[in-house]
Every structure is written in C-alpha cells, then in structure tokens.
1. Quantify how much of the Cα-Cα distance distribution of the chain extends past 25 Å, in percent.
2. Please list 3J(HN,Hα) in residue order for region 70-87, calculated via the Karplus relation 6.51 cos²θ - 1.76 cosθ + 1.60 where θ = phi - 60°; whole Hz, with x for glycine and proline.
3. Taking only C-alpha pairs under 8 Å that are 6+ residues apart, what is the relative contact order of the chain in percent?
4. Tell me, Ser120, Ser15 in order of fewest to most beta-carbon neighbours within 10 Å?
5. What are the DSSP H helices in the chain that stretch 27 Å or more along their long axis, judged by alpha-carbon atoms, and whose average Kyte-Doolittle hydropathy comes to at least -0.5?
6. By the scheme Lys and Arg +1, Asp and Glu -1, what is the net charge of all other residues having a beta-carbon under 13 Å from that of Phe29?
7. Give me, ordered by chain and number, the residues 5 or more places off Val197 or on other chains with an amide H under 5 Å from its own placed amide H.
8. Go through region 96-202 and name the trypsin sites (Lys or Arg not before Pro) that are in a DSSP coil and have 15 or fewer other Cβ atoms within 10 Å of their Cβ.
Amino acid sequence: MQSTPAPRLILASGSAYRKELLSRLRLNFDVISPDIDETPLADETPSDTALRLALAKAQAVAKLSGPCLIIGSDQVATLDHEQLGKPGDHTRALAQLKKMRGRVVIFHTALCLLDTRPGSTTHQQIDTVATAVTFRDLPDTELDAYLRIEQPYDCAGSAKNEGLGIALLERIQSDDPTALTGLPLIALTRMFRAAGVQIFTT
C-alpha cells in the first residue's frame, strides 16, 4: 500500500501515560477523553473486556469528530482470572500489592484503530497484547513506602512500571514492551501501516 501523510489523529483517552507513549511516534494528534461505563460484563473474559472498552472509547470519540483515525485502548489486569481494577486510594492499592506479591499478574492491553475516512479499507483494526508480570515478594513496609512516594492510585495493579514501580517487579514477559504502560506501540505502528500512515517523514 502506498504510504500517505497522516490524517487527523485522535487519542481517545485521558491517560497521561498513553499520551506520552503516542508522543514517541512524533505524529501530530489531538486528545479527547471519552465518557464510557467501564464496568465488566457478566461472564466476560479479561481480554474481551479490554477489547470491548477500547472499541467503545474509539466509537464514542468518532461521534464527536469528522474523518480521522481514532486510537482507543484499555487495560485489564488479572490475578487467578480475577479482574483487578484501579485502586483509587491508598488502602485499596496496598491490599492489591499484598495480594500480588510473589505472584504473576496478567495485564491484557487492548488496542483499536478506528478509521472514519470515506472509502477506508481498514475501518476497524483491533488487537490485544498480554503481559505477564511477576511481582517481588516484598514486606508490607516497602509496599506502603512505595505507594506513599508514587501514589499510583489510577493504575490497575497499583504500580507504575515506567517509574519507581519497576522496583516491585521481578520479571516482565511480553511481545510489546510498551503494552504494560497502556499503549502497545508495536501493534499500533502495524495498524498505522495498514491504514497508509507514514511513520518516518523528513
């Protein structure tokens, strides 16, 4: 496919982490934070939850914009098949970290690229990337100290791997190193190419 200059690009997320990751590609983009219900559905797998929400975010923004490319993403963390939400406060975050220490947590990061341009042949691309994260078996005092320093209460799993939270982790296994932070750039750049978006420009 012949590459073309990028059309208007919108990140359907209010996440500062996803904004920083997308900025690495040096493309111009706008940010619109969609307002959707992120409650998991009954009997829904974590991967399906993440994919559904990533698509819902992109579709919500599509209603507010003209022809463009819209990026939606969502992440669901699971321990023993139980979904772990964003803790929201110190007490819940500490309880999460205690439950996860010495254990493997799976982070399901879903991505959707919605192309609303007329005549598009890649109207909707979706993918999900699983990341297995082994947490170190650390004492309560260290977990509490970490939370008071970084306060990652808006992060599923209660740790910022791109910050001091990396010291809580023993191992990260994934096909895409940026997926854990919230936006799988390897998958996204593959989608961009399929949509005819030129990444390297001079």
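1. 38
2. Each residue's phi maps through the Karplus curve to give 10, 9, x, 8, 8, 9, 10, 9, 9, 10, 6, 6, 9, 6, 10, x, 5, x Hz.
3. 24
4. Ser120, Ser15
5. none
6. Summing Lys and Arg as +1 and Asp and Glu as -1 gives +3.
7. Distant-sequence amide H within range of Val197: Thr4.
8. Answer by residue number: Arg103, Arg136.
Each value in this text was obtained by applying a stated rule to the coordinates, not by laboratory testing. This structure is a prediction, so every number in the text was calculated from the model and none was measured. When we count neighbours, we look across all protein chains shown, and the Cβ atoms used for this are built from the backbone with ideal geometry, even at glycine.
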